[in-house]
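K.L.:
Quick one: structure below, then a few questions.
The values are calculated or read from the model by the stated rules, or taken from the named source; none is laboratory data. The structure presented is a predicted model; accordingly, all values stated were derived computationally and were not measured. Methodologically, a virtual Cβ is constructed for each residue, glycine included, from the backbone with ideal geometry; neighbour enumeration extends over all protein chains shown.
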Amino acid sequence: MVKRTASQGTGQRRAQRRPEKAAPTLRDRLLMAKREEILRVAAEMFYEDGFARTSMDDIAARLAVGKPSIYALFESKRELLSEVCNRTTQYAAAIAGEAAVRVGSPSTRLRHIVEQLCLRVIEGRRHLSVLFRDYKHLPPEALGELAENFHAFNRSLGALLREGVETGEFTVQDPVIVTHAISGMGTWIYAWYRPEGPLSPEEISFQMADLALRMVKLGGDPGPTAPE
């Protein structure tokens, strides 16, 4: 029998380890910051003037850079629109997906999803305004990504609602309807939220989560049966 030495065993374990992901270089961080600044200004201008009335010259002028600086990171104005429109939906899908495996009761995870969704919608309300107004200008692949983000959010939220029903924590007649109700309730904050209003984003998000939890009744009386 061949014995492995301690150094051989250590060497094999090191060989089996996955290589560590390299940290972003200074150049990478600068490019990411530049990319974010271009997206921020593009979102502002699309929100203020609309996609069709905003040119790449306009965006470059507000950034005080030449157009080649923008084209070095984005192929076209439509790519900028695609990035702007997908920002909030990507985040929402990630929130719901993460909550599906998060430790905690269904009600705790539902509160987390709704609160984080509402906060993100408030923060990215201009992105959503651009999305719902200018989606017709998006290329097919961007529309497909948007649809997948919406479906991913609804799948994760629906699965959480069904889990709550199975554990007896929620009383929901139709998880599909409740999923769309909660999703719409959070998404449409973009249309009525005003920064000068009496409630902070955190207070609004807390109250919206309360409404969502009341919607699922937390194992209460299911109420009258819907007519067939």
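K.L.:
Just to verify a result, which residue in the range 65-83, among those that are free of Cβ contacts under 8 Å to residues at least 60 places away in the same chain and among the basic types (K, R), is surrounded by the most Cβ atoms within 10 Å (Cβ to Cβ)? Please lay out each step first, then the result.
P.N.:
Applying the first criterion (free of Cβ contacts under 8 Å to residues at least 60 places away in the same chain) to the range 65-83 yields 65-77, 79-80, 83.
Filter once more, so that each one left must be among the basic types (K, R): 67, 77.
Numbers: K67: 14, K77: 19.
The residue in question is K77.
K.L.:
Tell me whether the range 162-179 contains one or more residues that are touching a Phe, Trp or Tyr at 6+ places or on another chain (Cβ under 6 Å), farther than 23 Å from I204 by Cα and not aromatic (F, W, Y). If you could, list the steps in order and put the result at the bottom.
P.N.:
First pass over the range 162-179, keeping only residues touching a Phe, Trp or Tyr at 6+ places or on another chain (Cβ under 6 Å): 164.
Subset that is farther than 23 Å from I204 by Cα: 164.
Add one more test, that the residue is not aromatic (F, W, Y), and what stays is 164.
Yes, some residue in the range 162-179 is touching a Phe, Trp or Tyr at 6+ places or on another chain (Cβ under 6 Å), farther than 23 Å from I204 by Cα and not aromatic (F, W, Y).
K.L.:
Taking the conditions exactly as written (outside the structural domain of H137 (by TED's automatic domain parsing), at pLDDT 95 or above and in a loop (DSSP other than H, G, I, E, B)), does F51 satisfy them or not?
P.N.:
yes
K.L.:
Same structure again: Name, by its number, the condition in (1) without any contact (Cβ under 8 Å) to a residue 12 or more places away in the chain; (2) touching a helix residue (DSSP H, G or I) at 6+ places or on another chain (Cβ under 6 Å) that does not hold for L143.
P.N.:
Every listed condition holds for L143 apart from (2).
K.L.:
Filter the range 1-47 down to residues that are modelled with pLDDT under 50 and among the hydrophobic types (A, V, I, L, M, F, W, C) and give me whichever is surrounded by the fewest Cβ atoms within 10 Å (Cβ to Cβ).
P.N.:
M1
K.L.:
Quick one: is A94 over 20 Å from M215 (Cα atoms) and of a type in the set (G, A, S)? Walk me through it before giving the result.
P.N.:
Details: over 20 Å from M215 (Cα atoms): yes; of a type in the set (G, A, S): yes.
For A94, the condition - over 20 Å from M215 (Cα atoms) and of a type in the set (G, A, S) - is met.
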